[in-house]
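See structure below.
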Amino acid sequence: MWPRRRGLPVPSWAISWPGWRISTCGSVCGRCGDRAEFEFAAQHTEMHKFDFTGLAELTAQLCESKVPVYLTIDLDCLDPSCFPGTGTPEAGGVSFLQLLDAIRTVTKANIIGADLNELAPTLDTTGVSTATACKVLRETLIALDKGWPGFQV
C-alpha cells in the first residue's frame, strides 16, 4: 500500500537521469561520484552511467506493469556547454535533443506527477539555462498530454 498525498498514491517508481530517479533506487546518466559510490550503486540500484541506455526497455516494463511513476528531471544531466546554470555542472552530459528524446520515451509510462530541478539562473548571466529549462518544461507538458479531460497545454 502506498502512502497517499492529496488522494494520489505516492509511487514506488521514480525516474532519474543524472537526476531522474528510476525505481525506488536508480539513476541513469550519473557522471560524478567516487569509486565507493559507483560500486555501491552498481550493487544496490539500477544505474546507467553517462547516457540513456536501457530507458526504452525500462519504459516498456513500466508501461506493461502500469505502475504509477513520478518523474524527476534534474537539468544538470545536460552538458554544461548547453546548460551552465546549475550548481553542479559536470562535463560529459547529454545534449538537449537527447534529453527531449528521453522525455518523449519515458512519458509513455503511467506518469502521475513530475518535477524539473537543478536550474540556478544566477549562475548563468546569459539566460540560456533559463530558456533551456523553460523549453524542457514545455516539451515535458506536451509529452504528458495524452488527451486527458481537463489537461491542456
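Values quoted throughout were computed directly from the atomic coordinates according to the rules given, and no laboratory measurement underlies them. If you're wondering where the values come from, they're calculated on a predicted model, not measured in any experiment. Neighbour counts are summed over all protein chains in view; Cβ atoms, including those assigned to glycine, are modelled from backbone coordinates with ideal geometry.
See the values below:
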item: Virtual paramagnetic centre 7 Å along Cα→Cβ of Ala56, amide N under 16 Å, in region 95-116; result: 98-109
item: FRET E, pair Glu64, Ile142, Förster distance 30 Å, beta-carbon r, rounded to 0.05; result: 0.80
item: Computed lengthening from Ala42 to Asp115, 0.36 nm per intervening residue step minus Cα-Cα distance; result: 23.7 nm
item: Linear extension gain, Arg35 paired with Leu123, 0.36 nm per residue minus alpha-carbon span; result: 28.8 nm
item: J(HN,Hα) series, region 67-79, from Karplus relation 6.51 cos²θ - 1.76 cosθ + 1.60, nearest Hz, glycine and proline x; result: 5, x, 10, 9, 9, 10, 10, 8, 5, 6, 5, 6, 5
